[in-house]
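The numbers here are math on the coordinates, done by the rules we state, and not lab data. Nothing here was measured: the structure is a model prediction, and the numbers come from that model. Here Cβ is always computed from backbone atoms with ideal geometry, including for glycine, and neighbour counts include all displayed protein chains.
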Amino acid sequence: MDTTTEKSSWQIVNDAAALWHAQLDSGTADEAEFEAWRAEDPLHAAAFARIAATSLELEDLSDLDYANDHDLKSQRLIDRRGFFQVVAVAIGLVVGAAFWGLSRSRAHAETGIGERRSVTLPDGSHLELNTDSKASWKFSKSIRRIWLERGEVGLDVVADARPLHVMIGKSAVVLTEGDLNVRLRGENVDLTMLQGRGSILSNANSIANAAPVPVTAGEGAIVGQGTPRVRTISATDLQFTSGWRQDQIILEGQTLGTAIEEYNRYLKAKIIVADPELNGLRLGGRFNTHDPKDFLASLQTSFGVHATEGSEGSIILTR
């Protein structure tokens, strides 16, 4: 038997398991691809279980900012105890528990439709969650990481020697301080830098090897499958993008179609435009995100657009 070949093959499997563990921990892994790789060979599952167990056992508990994040502290302690109990049962359960523990080690916050929530992070930064949004975070001695899992967030990031990575799928936005807005739009991410500067690491299997694309205050970018498209954003569009932080929809020339799309994010009973020609109307004004009454009254006064109640509380617009 060629032991050199055996060791080489095992090392390849071990290296792959280590890479999967790193990607799962950073939030950049494709979970379906990971499960397929793990199920392909019992050696894959064994290697991943060994690396996950070693990682948890050797991890310095002080590496996380427990003093300022009590929710994260309690979650992490529970995860570690639960993981080592499961290790004694079977390798398959170990892998499942490790995978579960990687995500549970983060602190979470989310909002429902029409809600807005403000969270002070362990470093003093402020995280604002818009309607129907979800985010999680994990801070260590060397790096700050935030995952946007659904919806839209605003981040007012305080200066810190540790870089802050906003993780979005296989992409990340990196900065040390500043104010930015990040919104998921289907397969793409709409990023707006309000203050400060940062770099976009886009669509990288290994974010550490991705070429950074700089973005500065007053610029935005669409981050998707290709190279991010950085653009200058007008003062009008900056107000429209960030108005939600004051519970406002700020319109300065946006179309009715755009305004309705924005309003419907906050309403369980949606506004429906019955006449497609109305979508092109240009609007102006400041309106409350939670109550469209003044918005609808303005449409009636300025354009003769009528609002009638439809099924299940929806609002139908006609002229």
* Asked: With a 10 Å Cβ neighbour count serving as the proxy for reagent exposure, in which order, fewest first, do 115, 219 appear?
  -> 115, 219
* How many nm is it between the label spots at residue 311 and residue 161, if each spot is 7 Å from the Cα in line with the beta carbon? -> 6.2
* To do: Estimate the FRET efficiency between residue 119 and residue 258 by the formula 1/(1 + (r/R0)^6), using the beta-carbon distance for r and 25 Å for R0, to the nearest 0.05.
  => 0.30
* Asked: Distance in nm between label sites at residue 187 and residue 110, each 7 Å beyond Cα in the beta-carbon direction?
  -> 2.5
* Structure fact -> Given 174-186, 303-315, the highest-first ranking by average Cβ count within 10 Å works out to 174-186, 303-315
* Structure fact -> Percent antiparallel among DSSP beta bridges confined to the range 247-318, nearest 5, equals 75
* Provide the per-residue ³J(HN,Hα) series for the range 264-273, in order, calculated from phi with Karplus coefficients 6.51, -1.76, 1.60 and θ = phi - 60°, each as a whole number of Hz, with x at glycine and proline positions. => 5, 5, 9, 10, 6, 8, 7, 8, 10, 8
